[in-house]
Amino acid sequence: MIQSPKIIKVIEKMSFQTFKIEDLGEFPERLDRLLQRQREEIDNITNSRERSYEAILKPIQDMDEELSLFFTPLSHLNSVSNSAKTQKAYEESIPLLSKFSSEMSQNSALFAKIEKITTDDSEAQKVIEDEIRSFILSGVNLPKEKKLLMEEISLHLSELSNQFSQNLLDATNEYELIIEDSVDVEGIPSIDLLNATTQRDDKEVYRFTLQIPSYMAYMTYGTNRAYREELYRAYSTRAPQNAKVIDEILRLKDEKSKLLGFDNYAEYALESRDATNQSEVISFLEQLALLSLPQAKRELEELRVFAKELDGIESIESYDIGYYSERLKKEKFDFDDTVTKPYFEQERVLAGLLDIVAELFAVRFEKLELNLWHDSVKSYNIYDIDERGDEKISGRIYFDLEAREEKRGGAWMNDWESHFIDSQGDIHLASAFVVCNFSPSSSDNPSLLRHDDVVTLFHEMGHAIHHLFSKCKERSVSGINGVAWDVVEFPSQFLENFAYEKAILKRFAYHYETSDPMSDLLLDKIKESKNFQAAMGMLRQIEFALFDFKLHQSLYQGDEVQELLDTIRADISPLIPPKYNKFQHGFAHIFGGGYAAGYYSYKWAEVLSADAFFSCIKDDGGFDEEKARGYKKYILSKGGSKNMSQLYQEWLGRKADLKSLIKLYEIES
Ligand SMILES: [Zn+2]
């Protein structure tokens, strides 16, 4: 038989990594050896006379992939199959990795070499630009004493951020409210009440704390207004000593950005984001606020009237909102998870999701029988289907969906292999893990999902296909690699939107015992209850985002911080909180986490996701296949190879319309 030369030419690595770790005990040692070898290879590249992209950045990306293939199974296993052994291996590995990455970010010889590389290829150009930017932002260009100062600032900032969180945690744990009269806990859900019940002086009492589940239980269901106010006051005045920590954090962030040549921290932060400049972010948030404010006022008015009729409340306060909203919601929709759960059987939901993704994006999932870290894990190969109906393997996905004792809580997507062409010309295919914590199945009962769980699964799948559908040839910008931080949630929120649509839910919402489809009434309620008080919710998020962003546009100290917050509230908040409220002392996203000058990202990505969603779905719930295929081709397959706004422009020939988000929430201005 004569072989066609065409077939020989394709050098594609059809194989995927096998999931296994040989010896956890030796893992850190083997990692250390791998890093040592990579150091030597990078030194060789740096000291060579090579000047081309192919000889410098190609092998460096191969090394990145090698490191990721080696390390991801451990970090994954540590999260989904945690044991003393995985913990030990993980904890010993982390310092090795951070030392390595900090060495790389300060490697000025390598930086000098990368800075000189030129290329005609746009993907490679983006890799070069990203590399240069990240070197510069880590201070590689600074004179020695300023470099030392930068290091000092970074160290100090991470201490302050810990201190902020610790103060908050201590204050949260110090407080308790003891309620003795059972009349005051009527209406609290039994599970929360059980958690609150305790003994004091041989008497049964109810103890509420500032831990979120306990605090929320009373604020949402607690009938005694005086107790609600007491709890609210305690919560919103926690950790007053954080005022000083905030001043110090803001001062150091300002100093750091100025050291690097920026006017302020917001400008520094935007350097690596999709949003281009400060006024764009501010006007984006202000426009959304303007469009939402009229409805938010109506929503609050409705609540006011409701609270007055129900309990004769003359002036509704911040500590009434949660309680009366819940009462009003119950009156309007009256359904909960126990009603919907029987219709969301895990296997059926997953099958439905895969069908939808297959139909939207012309792919096929093929179930595999692999020996993995747990019996309940499902894996699939993914095939692209072209216009002629021919199939081509394109990626692999793993689903680990059920809660287990040795598994970290929450839900996430973790990328493993990336799609790219290596320095030898071999094509690598992508793979990813989707991890959730749904209630486990047993021999008697299947795993039943809450509607929130269904949304979570769609969300994580959105992240996964962003990584898996990549067709990029440069690893650093392929899939979720190199995607700007403020648009990372766009593809996940995009897919999440489908999980509220009647026509979509109808595909898999069947009762697990009777096989009856979910009623139209219930399907409608799911959608409507999602948008209950949507405008008030929107404005709350915008208040946080505007406060965060403006706070980093100039140096605010002392009372100026509160004054800024007051000004924003005066403009956009339908209800002004009591004077004693010191929200900022507990704003952990910003001062204890990595969201400084970045809280706007939630809404930024959401606008893209809403606009893209309405482009891909028709009014009757059917798909606009051409647009969906375009979304795959222009957005998902391009990863971080261009800025998202540019990819979006290339897909639809226009910018995302901010009003799409207003439409998604059914807000009427
Ligand atoms: Zn996400």
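The values are calculated or read from the model by the stated rules, or taken from the named source; none is laboratory data. Please read all numbers here as calculations on a predicted model, not as lab measurements. Glycine also receives a Cβ, built like all others from the backbone with ideal geometry; neighbour counts cover every protein chain displayed.
Of all residues in region 524-577, which are hydroxyl-bearing (Ser, Thr, Tyr) and part of a helix (DSSP H, G or I)? Don't jump to the end; show me each part of the working.
Start the filter on region 524-577 by keeping residues that are hydroxyl-bearing (Ser, Thr, Tyr), which leaves 529, 554, 556, 567, 573.
Matches in region 524-577: 529, 567.
Looking at region 407-434, I want the residues that are of a type in the set (Asp, Glu) and have a partner that is within 16 Å of the ligand (Cβ to nearest atom) and not in a loop (DSSP other than H, G, I, E, B) with Cβ atoms under 6 Å, at least 6 apart or on another chain. Which pairs are those?
415/432; 415/467
Would you call residue 510 under 22 Å from the mean Cα position of the chain (by Cα), more than 16 Å from the ligand (Cβ to nearest atom) and outside the structural domain of residue 273 (by TED's automatic domain parsing)?
No; evaluated as a whole, the condition is false for this residue.
Taking the condition modelled with pLDDT of 95 or more and either outside any helix (DSSP H, G or I) or among the β-branched types (Val, Ile, Thr) (or both), does residue 21 pass?
No; evaluated as a whole, the condition is false for this residue.
I need the full set of residues from region 180-224 which are part of a helix (DSSP H, G or I) and of a type in the set (A, V, I, L, M, F, W, C), in order please.
183, 185, 191, 193, 194, 196, 212, 216, 217, 219
Which one of these is farther than 30 Å from residue 312 by Cβ, touching a residue at least 24 places away in the same chain (Cβ under 8 Å) and not hydroxyl-bearing (Ser, Thr, Tyr): 200, 273? Break it down stepwise before answering.
On the way: 200 fails: touching a residue at least 24 places away in the same chain (Cβ under 8 Å).
So the residue among 200, 273 that is farther than 30 Å from residue 312 by Cβ, touching a residue at least 24 places away in the same chain (Cβ under 8 Å) and not hydroxyl-bearing (Ser, Thr, Tyr) is 273.
So which residues in region 300-337 are under 27 Å from the mean Cα position of the chain (by Cα) and loosely packed, with under 14 Cβ neighbours inside 10 Å, if there are any at all?
Within region 300-337, 336, 337 qualify.
Search region 473-491 for residues being within 16 Å of the ligand (Cβ to nearest atom) and part of a helix (DSSP H, G or I), and hand back the single one that is farthest from residue 599 (Cα to Cα).
491
Determine which member of the set 580, 512, 556, 595 is among the aromatic types (Phe, Trp, Tyr) and within 30 Å of residue 444 (Cβ to Cβ).
None of the others qualify; the one that does is 512.
Which residue out of 79, 83 is surrounded by 18 or more Cβ atoms within 10 Å (Cβ to Cβ) and closer than 29 Å to residue 373 by Cβ? Let's see the steps before the verdict.
Details: 83 fails: surrounded by 18 or more Cβ atoms within 10 Å (Cβ to Cβ).
Within the list 79, 83, the selection yields 79.
From the list 492, 423, 442, pick out the single residue that is farther than 24 Å from residue 343 by Cα and either hydroxyl-bearing (Ser, Thr, Tyr) or at pLDDT below 95 (or both).
None of the others qualify; the one that does is 423.
Could you say whether any residue in region 444-452 is crowded, with 20+ Cβ neighbours inside 10 Å, within 12 Å of the ligand (Cβ to nearest atom) and either under 20 Å from residue 376 (Cβ atoms) or within 15 Å of the chain's Cα centre (by Cα) (or both)?
Let us first name the residues in region 444-452 that are crowded, with 20+ Cβ neighbours inside 10 Å, namely 447-449, 451.
With the extra rule that they be within 12 Å of the ligand (Cβ to nearest atom), the set shrinks to none.
No - not one qualifying residue is present in region 444-452.
Would you point out which residue out of 358, 362 is in the same structural domain as residue 503 (by TED's automatic domain parsing), free of Cβ contacts under 8 Å to residues at least 60 places away in the same chain and in contact with a strand residue (DSSP E or B) (Cβ under 7 Å, 6 or more places away or on another chain)?
358
Quick one: how many residues across region 295-327 are among the charged types (D, E, K, R) and in a loop (DSSP other than H, G, I, E, B)?
Summing the residues that are among the charged types (D, E, K, R) and in a loop (DSSP other than H, G, I, E, B) in region 295-327 gives 2.
When both residues are 6+ apart or on different chains and their Cβ atoms are under 6 Å apart, which pairs have a first residue that lies in region 487-499 and is free of Cβ contacts under 8 Å to residues at least 60 places away in the same chain, and a second that is surrounded by fewer than 22 Cβ atoms within 10 Å (Cβ to Cβ) and in a helix (DSSP H, G or I)?
499/455
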